1. Output yes when any residue across the stretch 146-154 is surrounded by 11 or more Cβ atoms within 10 Å (Cβ to Cβ), in contact with a Leu (Cβ under 8 Å, 6 or more places away or on another chain), at pLDDT below 90 and not aliphatic (A, V, I, L, M), and no when none is.
2. Check residue 617 against each of (1) open to solvent by 70 Å² or more (accessible area, probe 1.4 Å); (2) farther than 30 Å from residue 659 by Cβ; (3) in contact (Cβ under 8 Å) with a residue 24 or more places away in the chain; (4) assigned to a helix (DSSP H, G or I) and name the one condition it does not meet.
3. So if I check each of 548, 579, which one is under 21 Å from residue 638 (Cβ atoms), among the small types (Gly, Ala, Ser) and surrounded by 17 or more Cβ atoms within 10 Å (Cβ to Cβ)?
4. Can you tell me which residues in the stretch 158-194 are open to solvent by 60 Å² or more (accessible area, probe 1.4 Å) and in contact with a strand residue (DSSP E or B) (Cβ under 6 Å, 6 or more places away or on another chain)?
5. Mind checking which helices (runs of 4 or more DSSP H) fall wholly inside the stretch 316-403 and carry at least 3 residues that are within 30 Å of residue 291 (Cα to Cα)?
6. Please enumerate the residues belonging to the stretch 170-184 that are modelled with pLDDT of 85 or more and within 36 Å of the chain's Cα centre (by Cα).
7. So how many residues does the stretch 589-612 have that are in a loop (DSSP other than H, G, I, E, B) and modelled with pLDDT under 90?
8. So, in the stretch 555-576, of the ones that are under 14 Å from residue 605 (Cβ atoms) and not in a helix (DSSP H, G or I), which residue ends up most open to solvent (accessible area, probe 1.4 Å)?
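The values are calculated or read from the model by the stated rules, or taken from the named source; none is laboratory data. In this text, all values refer to a predicted model and were calculated from it rather than measured experimentally. Here the Cβ positions follow ideal geometry from the backbone for every residue, glycine too, while neighbour counts run over all protein chains shown. Areas reflect the complete protein model, heavy atoms only, side chains present, ligands, DNA and RNA absent. Shrake-Rupley method; radii C 1.70, N 1.55, O 1.52, S 1.80 Å.
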Amino acid sequence: MGIKSRIQHAILKSGIVEETLRQAEDRIFKAFHASPTAISISTLGGRYLDVNESLLEILGYSRSEIVGHACDELGIWVDPGVRARAVEALLQRRPIHAIELQLRDRAGQVRDVSVSMELIFQNGEPCVLTMTQDVTERKRAATALLASEDRYRAISELISDFAYSLRPTPQGTLALDWVTAAFSRITGLPTEDFVTMEDLLMIVHPEDRASGRAHFNALVSGQTDERELRILTRDGTVRWLRLVGSPAGQPDTQGTTRIYGAAEEITARINAYQLLESREAERARELAVLLDVAHKVASTLELEPLLSLILSELQKLIDYTGAAIMMSDGTDLVFLDYRGPMPREQVMQLRIPIRETAGYMNVVKRREPMIIPDIWGDTEIAHSFQRSVECLSPAYGYAHSWMGVPLAVKDRLIGIIRLDHRDRNYFTAQHTKLAMAIASQAAVAIENARLYEKAQQLATLEERQRIARELHDSISQALFGIKLGAQTAIEILDRDPVRLAQSLEYVRGLADAGLIEMRALLYELRPEAVATEGLVAGLQKHIDSLRARHGIEVHADFCDEPKISLEMKEAIYRIVQEALNNIATHAQATLVRLELFREDGMVRLEVNDNGIGFDQSTVAPGHFGLRSMGERAAHLGGLLLVESAPGTGTSIHVQIPVRE
């Protein structure tokens, strides 16, 4: 090949190379501008030679605003010194890879970026190729995450609840992944000591350990489980937790599904609930006692048993050391009953001047309960109290707390209940409420008992007067008849033997009637005879007296002597006595039917007469002794029913329950 041919060949080859280079440069240019990574080419001094669209988008400039201008001129690098040091490193053949720094965009906003830089040559001049990745949002998210983690850590250290994560093991149990800081604060134990499910069960209260195991087994089987149980802390304190756990999320690469749970400490709530239950039970017990007291005091009419009952029932509600019921006579308080460590005989003889003792005086004056926390304390009221009990020292030294409660009936004070206790500050406001509840019932019951006692005395007097009248009416008449019969017998002793026999028979009949009457009256004068001779015998004697005295026929049908209390026997006897007296006095009856029998836990009494009867609508309830008969039956929990109408006679029905 000649020189010309070689020259032509070289020229042709050079053109091909140039075309290849041009095509390569074109591809690089397109890749440069289409790259999602922000790229710029700048001189070593920082003047931008070219930038791609991604960088323009990050910085907010147009191409004309940035190309040909220096970065210092535009203020793009927040810290220009960082670029200067990077360029220096490039000149020393040290690459710059993914360093994080800050650039400022056209609007002045600072953006976080990651920058890699290379030293290249363009037209023989060294230049800087910079690749920039905007990490502003990532940095913000990371900062927010760190802040969130800080907040979560701070909150988890403050709240009493804790969260935890568990993972199932190949052995079919659970292992602890993590637990928040509150766990250690609640248990007093380091979290490092707890790895497995068995470790966790060790702090569960022995009585709740089976429940705890059931909780974890439910979680292993993929169930959501919630329950309450007790744990034992490091110092042995019992605390209540409410556990809620559930599998959550997608299985990991090993196919394991994590279990997440939370434990809420509910010790305060449980304690409050138990305290509330205890208080409710105590209030229910107090109410039951008060209802029982109301029933018992209402059915007790004798004063001495009533006083003893009040002090007994009071102690069921208030655990006193000593207690007394005191009545006011206007100037002094007199003891009616006492229970406590002091000699009862000595206490019962005391009289407490009301005006000389501040504690008693305040109760009397205000009609309100009063508490002295310590009667031996250094207070004015305590000093006053000390002076009032000087006569009892040192016997009264056992007491410290004192409480006085008024006994009042319709705003009229009749006395005081006094309680004391060996402990200081023992009595509370609740004690005063309970004592007042009993005192309000006790005051009425005591007043009723005193009235009943007076009524009994009046009734005894009236009964004596009635018997005196009957002695005068029947026995006196019988004796007078006997005297006349005897006188007649003497006069005809020799003259008329037939009439003599008749006179003597008349005298004997009067004597027999008088004897029966006297026995009946003597039986009435000795109520204890019911106890010794029996109810049936007593009723029979009264029937005999009615026949002999008034000539009334009585048909009696009695059961065997009933096995009932003496109180019930005496009440039935008095009811029959009153009923028969009414028949003899008002009914004009010639026949009486009297039945007494016991059946179905009841004693039943029937008294029927064929007398003139009466109109119940026009007769006062208290007339003919009906009220007293009804009260006697009601006192024993029984019932008395009267049926009568003019011309039809009268029927009295009584039924009284038998208390075994």
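1. no
2. Here residue 617 clears every test but (3).
3. Values: 548 fails: under 21 Å from residue 638 (Cβ atoms).
Testing whether each residue is under 21 Å from residue 638 (Cβ atoms), among the small types (Gly, Ala, Ser) and surrounded by 17 or more Cβ atoms within 10 Å (Cβ to Cβ) leaves just 579.
4. So the first thing to find is which residues in the stretch 158-194 are open to solvent by 60 Å² or more (accessible area, probe 1.4 Å), and the list is 158-159, 167, 170-171, 178, 185, 192-193.
Within the stretch 158-194, 167, 178 qualify.
5. Once the helices (runs of 4 or more DSSP H) in the stretch 316-403 are filtered for at least 3 residues that are within 30 Å of residue 291 (Cα to Cα), what remains is 358-366.
6. 183, 184
7. Narrowing the stretch 589-612 to residues in a loop (DSSP other than H, G, I, E, B): 589-590, 600-601, 610-612.
Within this subset, residues satisfying the condition of being modelled with pLDDT under 90 are 600-601.
Summing the residues that are in a loop (DSSP other than H, G, I, E, B) and modelled with pLDDT under 90 in the stretch 589-612 gives 2.
8. 557
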